[in-house]
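The values are calculated or read from the model by the stated rules, or taken from the named source; none is laboratory data. Everything quoted here is computed from the prediction, not taken from an experiment. FYI the Cβ positions are ideal-geometry reconstructions off the backbone, even for glycines, and counts take in every protein chain you see. Just the protein is used for accessible areas: all its heavy atoms, side chains included, with ligands, DNA and RNA removed. Shrake-Rupley method; radii C 1.70, N 1.55, O 1.52, S 1.80 Å.
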Amino acid sequence: MTEPVLEVSGLVKHYPLTRGVVFRKQVGAVRAVDGVDFTLGRGETLGIVGESGCGKSTVAKMLVNLERPTAGSIRYKGEDITRLSGRALKAVRRNIQMVFQDPYTSLNPRMTVGDIIGEPYEIHPEAAPKGDRRRRVRELLDVVGLDPEYANRYPHQFSGGQRQRIGIARGLALRPEVIVADEPVSALDVSVQAQVVNLMDRLQSEFGLAYVFIAHDLSIVRHLSDRVGVMYLGRIVETGTDTEIYEHPTHPYTQALLSAVPVPDPRARERRERIILGGDVPSPTDVPSGCRFRTRCWKARERCALEAPALAVPAWFEASGGPAAHDSACHFAEAVPVGRSAPEQVVPVEGHGNGPG
Ligand SMILES: Nc1ncnc2c1ncn2[C@@H]1O[C@H](COP(=O)(O)OP(=O)(O)OP(=O)(O)O)[C@@H](O)[C@H]1O
Ligand code: SF4
Ligand SMILES: [Mg+2]
């Protein structure tokens, strides 16, 4: 990995769960993010993938300071930004920008495209002298493949793909080093998704950007990602280089997700068995004890309910000289070729019980 720009350690976000309107009483917590660690290298892309509600957006919001973590640290070039405030925080925030999921609702319909793209200069006036902003906005439109003359138009005059280009142009206005893109193509037609991903790819090499690229689906992040983190119920359960994750997944959850990724080659498709997980994702207010995936895991044994597996290189993997940067949070992690790991049955493990998780 290149020199780290972001180092996230023990990141937690719990939302209090309250009852009563007059006498609000805390009765529990939504453990939206429950101990996330990762490192993002300069100019590289980390893909974060997981099902709805696993905490992806909450991680994204903490990275750009839209949410304050309950615990943990986020280091930008060595400095913990969760401890900064005032001017120091503002200076760091310039370098970490966000691109949102829905280009239909994230752009203010009453503002011109030029004002939307130039809005970050209102918040950070030091970034560009007033007289230079119009020129910069036109340049940004050009950089994302739109006609600079569009600056006077309004968002409704654009297609979804074009609006996402506008969102990306705004994200670039302050020349950040890191862009956190929360499902930037999920709301777009499949035919347009590739164009936006290709644009992000080009911008990355042009400006040396590092991306945290969030998606539901492993197939979308593959093209861009150098490394991938797979999230389940508030935690990263497996992380490694894209080749390791896509070709030698060791966590049962990643194996199940990959078995659902479409394969264009019909012969490969025939050979592949789909892993269908039983049950639903447990609620983040009632996280299973031990391994949080155990209620849906076909390999679950007694130990899984008693002991939470750490995200680490499996011992056998290390002994066999496997890559050191492929971590899996599973007591029984094993590399199985994708499609050969179908469970004979899905064994439900009874009862959740809040354990140390
Ligand atoms: N402000 C909040 N108060 C209480 N619970 C919240 C809040 N924001 C998010 N949550 C809960 O935290 C969990 C994680 O939400 P989050 O939006 O991060 O998931 P996600 O992975 O981005 O999902 P999706 O793929 O649907 O966007 C969910 O159970 C959600 O309901
Ligand atoms: S620790 Fe146990 S329950 Fe969790 S993924 Fe591994 S085998 Fe499944
Ligand atoms: Mg989300």
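Here are some notes:
- Considering only beta bridges that DSSP places wholly inside the chain, some 60 percent are antiparallel.
- For residue 44, nonlocal amide neighbours, meaning residues 5 or more places apart or on other chains whose placed amide H falls under 5 Å from its own, are 211.
- Across 230, 36, 22, mean-square fluctuation computed from a Gaussian network of the chain (C-alpha pairs under 10 Å connected) peaks at 22.
- Taken as entire DSSP H runs, the helices of the chain never both span 27 Å or more between Cα atoms along their own long axis and average 1.0 or more on the Kyte-Doolittle scale.
- The residues of region 197-272 expose on average 38 square angstrom of accessible surface per residue, using a 1.4 Å probe on protein heavy atoms.
- The chain: most fluctuating residue of 163, 292, 235 per GNM, C-alpha cutoff 10 Å: 163
- Rounded to the nearest 500, the 222 nm mean residue ellipticity of the chain from helices alone is -8000 deg cm²/dmol, with -39,500 (n - 2.57) taken per DSSP H run of at least 4 residues.
- GNM result for the chain, Cα springs below 10 Å: residue of 222, 94, 134 fluctuating most strongly: 134
- Percent accessible area from carbon and sulfur atoms, the chain, protein chains only, probe 1.4 Å: 49 percent
- Electrostatic bookkeeping for residue 94 treats Lys and Arg as +1 and Asp and Glu as -1; over the other residues with beta carbon under 10 Å from its beta carbon, the sum is +1.
- Cross-link table 56/77; 61/130; 25/56; 13/90; 90/130, entries beyond 26 Å C-alpha to C-alpha: 61/130; 25/56
- Applying the criteria of a DSSP loop state and at most 14 other Cβ atoms within 10 Å to the GluC sites (Glu not before Pro) of region 241-293 yields 273.
- Start at zero, step by 5 Å, and the Cα-Cα distances of region 4-230 spread as 1, 7, 14, 17, 19, 16, 12, 8, 4, 2, 1, 0 percent across the bins.
- Assigned charges on the beta-carbon of Lys, Arg, Asp, Glu; the chain dipole about Cα centre (debye): 1080 debye
- Positive minus negative residues near residue 236 (Lys, Arg vs Asp, Glu; Cβ under 9 Å): -2
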